[in-house]
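Structure record follows, encoded as structure tokens.
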There are 2 protein chains.
Amino acid sequence: MGSVLDLARRRVSVRDFLSNPIDLRDVLYAIDVACNAPSGANRQPWRFVIVVDGDLKVKIRMCCEEVERGFHSRAPEWMKKWLGERGITWRKEFLTQAPVLIMVFGKSGEPYWVQSVWLAIGYMLLALEEKGLASLTYTPSKVEWANELLGVPKEYVLQAIIPVGKAKEMPKAKERLRLEDTVYCNRWGQNYAACLD
Amino acid sequence: MGSVLDLARRRVSVRDFLSNPIDLRDVLYAIDVACNAPSGANRQPWRFVIVVDGDLKVKIRMCCEEVERGFHSRAPEWMKKWLGERGITWRKEFLTQAPVLIMVFGKSGEPYWVQSVWLAIGYMLLALEEKGLASLTYTPSKVEWANELLGVPKEYVLQAIIPVGKAKEMPKAKERLRLEDTVYCNRWGQNYAACLD
């Protein structure tokens, strides 16, 4: 399968999906990987609702787009620019295009529940990439609608919607900071090479 | 290297480390993997300080243990029981035992900065496991001391300390919830098998 670094470098956020069906066992595999992540006090505060139903995906998209219209009008200027340059609007076609949505919920109140759920999402993204599946970590800015729509107890809070499928076309990997601007040795600002001596 | 699921299942949280030195290039490798994680608006809000200096590790341990004494006395009863059963006390020997500490900081104020940093930590843990290195995601409940000790600008907030090294002995993997209690199809409570039909 190549190294974890290969997977991490190859994995890019995809916003355009083919609607072709995918093997749900690959999705379950990736969720299984996520469920093996460590969590605060091993409370495993994650829950996953796999959405494959077409009508339900339409409803989810409608709820998200309603929230997005408000978010885009209130976004700070730098973010509006950033979004505009990337053609990101309030429209979230990927929510109906992608054959599968993984709705990731976190159980509020558990120790480090947000951190634990997102660590597990990291596990999941690499596993999806391993299976050749494209993904996006989409975070709607309001989430209460999801509890009602999917019958989810109110202590579980939607953390992300992960559309999964095959990419229509592969975006190129985003630029990254140089490692020397991100990693230091013993003290902020000290080049990490000092640790290698 | 085996599959991502193999890595995820094999990786366990280790609290007892051998003090033997490890290859720092493996640690850098894992951080490089983390730096390839997706982040909110690709802001890459993570920074890493690799600590190998012995005196510094002692200071870090002292700061953490001071905080921990308070935390343990205030913890809710269920957590005291959970901690006690596992022999977890306010003493954090692993902070001086492990040859390397990765101090993970997040830049507060960036979009979804906590989520992004923890997703990247997920990437890092799998990469450490790939390199045969044991790790723990340790989260001190107070963190301001780290900025002063390591010269870190105040907008960066310590998210985790990850001691890395070889395990003194391998703990067995923690129990996990059954997949059918964690994953649903289209609606909360609906067995995921329904998605496979």
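Couple of notes before you dig in:
- Working note: Karplus 6.51/-1.76/1.60 with θ = phi - 60° gives segment A:4-20 the couplings 4, 5, 4, 4, 5, 6, 6, 6, 10, 6, 10, 10, 10, 10, 6, 8, 3 Hz, where Gly and Pro are set to x.
- For the residues of B:54-67, the average number of beta carbons from a partner chain within 10 Å of their own beta carbon is 0.
- Derived scalar couplings ³J(HN,Hα) [segment A:143-154; Karplus, 6.51 cos²θ - 1.76 cosθ + 1.60; whole Hz; x for Gly, Pro]: 9, 4, 3, 5, 4, 5, 4, 10, x, 9, x, 5
- Candidates B:Thr182, B:Thr137, B:Thr96, ranked by Gaussian network fluctuation over chain B, Cα under 10 Å, top entry: B:Thr182
- Averaged over the residues of peptide A:124-137, the number of Cβ atoms from other protein chains lying within 10 Å of each residue's Cβ is 3.
- On Cα atoms only, tilt of A:24-35 relative to the major axis of chain A in degrees: 50 degrees
- Angle in degrees between helix B:54-74 and the longest Cα principal axis of chain B, rounded to the nearest 10: 60 degrees
- Electrostatic bookkeeping for B:Pro45 treats Lys and Arg as +1 and Asp and Glu as -1; over the other residues with beta carbon under 11 Å from its beta carbon, the sum is +1.
- Within chain A, longest stretch clear of exposed GluC sites (Glu not before Pro) (DSSP loop, no more than 13 other Cβ within 10 Å): A:1-168
- Beyond 31 Å in Cα-Cα separation lie the following of the pairs A:Lys154/B:Lys168; A:Lys174/B:Lys174; A:Lys168/B:Lys174; A:Lys131/B:Lys168; A:Lys80/A:Lys172; A:Lys80/B:Lys154: A:Lys154/B:Lys168; A:Lys174/B:Lys174; A:Lys168/B:Lys174; A:Lys131/B:Lys168.
- Area accessible to solvent at B:Ser141, 1.4 Å probe radius, in Å²: 50 Å²
- Rolling a 1.4 angstrom probe over segment A:4-196 with all protein chains present gives an accessible area of which 48% lies on carbon and sulfur atoms.
- Inter-chain neighbour count for A:23-33: the average number of beta-carbon atoms from partner chains within 10 Å of each residue's beta-carbon is 4.
- Viscosity 0.890 mPa s, temperature 25 °C, Stokes-Einstein D of chain A from Kirkwood C-alpha radius, µm²/s: 134 µm²/s
- Value of [θ]222 nm, deg cm²/dmol, for chain A, DSSP H segments ≥ 4, -39500 (n - 2.57) each, nearest 500: -12500 deg cm²/dmol
- Relative to the 2.2 N^0.38 Å rule of thumb, the protein assembly as shown has a C-alpha radius of gyration ratio of 0.97.
- Choice from A:Asp181, A:Asp26, A:Asp55 showing the highest fluctuation, given a GNM over chain A with Cα pairs closer than 10 Å: A:Asp181
- Mean-position separation - Cα centroids, segment A:175-197 and segment B:99-147, in angstrom: 15 Å
- Chain A residue nearest the rotation axis toward B, with distance: A:Gly122, 1 (Cβ to axis, whole Å).
The values are calculated or read from the model by the stated rules, or taken from the named source; none is laboratory data. Since the model is a prediction, treat every value here as computed from it, not as a measurement. All Cβ positions, even for glycine, are placed from backbone atoms using ideal geometry, and neighbour counts span all protein chains on display. Quick note on the areas: whole protein, heavy atoms, side chains included, nothing else; ligands and nucleic acids left out. Shrake-Rupley method; radii C 1.70, N 1.55, O 1.52, S 1.80 Å.
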